[in-house]
Amino acid sequence: MRNARASTLEDTPRDVIATGNEYVADTVLPAHNHRRGQLLYASQGLIEVFTDQGSWLLPPRRALWIPPGVTHEVRMIGAVSTRSAYVLPHAVAAAGLPVACRVMTVSPLLHALLSEAVDLPTLYEVNGRDGDVMRLLLTETAIMEELPLNAPLPAHPRLAALCRTLLDDPQRDKDLDAMASSADMSRRNFTRLFRQETGMSFAAWRHQACLMTALARLGQGQAITRVAADLGYASPSAFSAAFRKTLGSAPSRYLQSPGAHVTALQDA
C-alpha cells in the first residue's frame, strides 16, 4: 500500500500491514501514536523522531522500531521516502520485538522484504506466499543490530530541561561541572542521577547528541568543516575520527551506504 495513512489501516484483520510514503523536505508529522508497533524505515533521506523518552535519528537505509502506543513526532530532513510495517501487539510479543524504541540496521533481506510488503494487497493471503513474506519480515526485524543513534531523556524535570537545551544546541565543551551547576546539584549527585535516569554517562550522552546533530546537518548538505567547528571539534579530521570510531565509517560514506559496522560506544 503506497501513500496510505496508517490510521485508516489500524483495524485491518492482518497481524502485519505495510505502507510506503513520499515526503517533501521539512514535513512534520505531529505527535501521534498507533495501536500497532511500527517499523519506520528511511529508504531515502534522513528522519528525526521525538518521544517523551528521547530523540532518534534515522540516516538512509536504517530503521526505527516504535512499540505499540508510543507517542512520537516525526520530522523529515530533506525529501524522504519511507517504508513502514505496522504490527499488532500480540504479533509484536510473539516475534520478540523490542519493548522500547530502537534504531537498527537494515539488512539487504529486510530492505527487500519491506519493498515487497508495501506492494501486497491490504487483505493478503495469510497462509500463502504473501503471509510468508510478512512472517519473515518480523523474524528478520527481531535480529537486527541496534545503532547508537538516540539520546534518551531523563524523567527528572531539571535534567530533562537541560538535555532538551543541549539537543537543540549540542556542544562538546559543555562539561559535567557546568551541567551539574545548572541543575543545582553536586557533581557526584548529578553523575549518579544522570546515569540512573538515562543508562549512560553524561559524556557518552553528549557524544550521542553531537553525533546525531552532525548527521542531521551533514544530511542537509552542510560542510564537514563547518559542522566540526560548530560542535567544538579541534579539526574536521578529529570529528571524522570520532565519527568513524562510533559508527564504523567516514561521515560521507555513512550517509550514502546501506549499512555500516557499529562498534560499541564507550563511556568517555
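L123 - would you say it is assigned by TED's automatic domain parsing to the domain that holds S43, more than 28 Å from R192 (Cα to Cα), surrounded by 18 or more Cβ atoms within 10 Å (Cβ to Cβ) and in contact (Cβ under 8 Å) with a residue 24 or more places away in the chain?
The answer is no for L123.
Based on what the data block shows, is P157 surrounded by fewer than 17 Cβ atoms within 10 Å (Cβ to Cβ), within 19 Å of T51 (Cβ to Cβ) and not assigned by TED's automatic domain parsing to the domain that holds S55?
Yes, satisfied.
Confirm whether I47 is under 29 Å from Q222 (Cβ atoms), of a type in the set (A, V, I, L, M), outside the structural domain of L211 (by TED's automatic domain parsing) and touching a Leu at 6+ places or on another chain (Cβ under 9 Å).
Answer is yes for this residue.
Which residues, taken from region 18-43, are surrounded by fewer than 16 Cβ atoms within 10 Å (Cβ to Cβ) and part of a strand (DSSP E or B)?
Across region 18-43, the qualifying residues are E22, V28, L29, P30, A31, H32.
Could you tell me which residue of region 99-114 is farthest from T141 (Cα to Cα), considering only residues that are touching a residue at least 40 places away in the same chain (Cβ under 8 Å) and surrounded by fewer than 16 Cβ atoms within 10 Å (Cβ to Cβ)?
Residue satisfying both the conditions and the ranking: A100.
Could you list, in sequence order, the residues of region 131-189 that are at pLDDT 90 or above and among the basic types (K, R)?
R135, R187, R188
Which one is farthest from E146 (Cα to Cα), of the residues in region 44-70 that are surrounded by fewer than 23 Cβ atoms within 10 Å (Cβ to Cβ) and without any contact (Cβ under 8 Å) to a residue 40 or more places away in the chain?
Of everything passing the filter in region 44-70, G69 is farthest from E146 (Cα to Cα).
Going by the conditions given, is M76 over 26 Å from A209 (Cβ atoms) and in contact (Cβ under 8 Å) with a residue 40 or more places away in the chain?
Judged against the criteria, M76 is not a match.
Can you tell me which residue in region 1-17 is farthest from the chain's Cα centre (by Cα), limited to those that are part of a loop (DSSP other than H, G, I, E, B) and free of Cβ contacts under 8 Å to residues at least 24 places away in the same chain?
Among residues in region 1-17 that are part of a loop (DSSP other than H, G, I, E, B) and free of Cβ contacts under 8 Å to residues at least 24 places away in the same chain, the one farthest from the chain's Cα centre (by Cα) is D11.
Here are some residues: D177, D184. Which one is loosely packed, with under 15 Cβ neighbours inside 10 Å, assigned to a loop (DSSP other than H, G, I, E, B) and not assigned by TED's automatic domain parsing to the domain that holds L109?
D184
Mind listing whichever residues of region 1-47 are in contact with a helix residue (DSSP H, G or I) (Cβ under 7 Å, 6 or more places away or on another chain) and over 21 Å from L97 (Cα atoms)?
L46
For (1) among the aliphatic types (A, V, I, L, M); (2) touching a Lys or Arg at 6+ places or on another chain (Cβ under 6 Å); (3) part of a loop (DSSP other than H, G, I, E, B), each residue gets a yes or a no:
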site	(1), (2), (3)
A63	yes, no, no
S84	no, no, no
H90	no, no, no
A94	yes, no, no
L97	yes, no, yes
L110	yes, no, no
L113	yes, no, no
L120	yes, no, yes
E125	no, no, yes
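Does E73 satisfy the criteria of being part of a strand (DSSP E or B), acidic (D, E) and surrounded by fewer than 18 Cβ atoms within 10 Å (Cβ to Cβ)?
For E73, the condition - part of a strand (DSSP E or B), acidic (D, E) and surrounded by fewer than 18 Cβ atoms within 10 Å (Cβ to Cβ) - is met.
Yes/no matrix, rows are residues, columns are (1) of a type in the set (G, A, S); (2) outside the structural domain of T213 (by TED's automatic domain parsing); (3) in contact with a Cys (Cβ under 8 Å, 6 or more places away or on another chain):
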{"site": "L40", "(1), (2), (3)": "no, yes, no"}
{"site": "W56", "(1), (2), (3)": "no, yes, yes"}
{"site": "G69", "(1), (2), (3)": "yes, yes, no"}
{"site": "R75", "(1), (2), (3)": "no, yes, no"}
{"site": "S81", "(1), (2), (3)": "yes, yes, no"}
{"site": "A93", "(1), (2), (3)": "yes, yes, no"}
{"site": "P98", "(1), (2), (3)": "no, yes, no"}
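The values are calculated or read from the model by the stated rules, or taken from the named source; none is laboratory data. Every value quoted in this text rests on a predicted model; they were computed, and no experiment measured them. Using ideal geometry, Cβ is built from the backbone for each residue, glycine included, and neighbour counts are taken over all protein chains shown.
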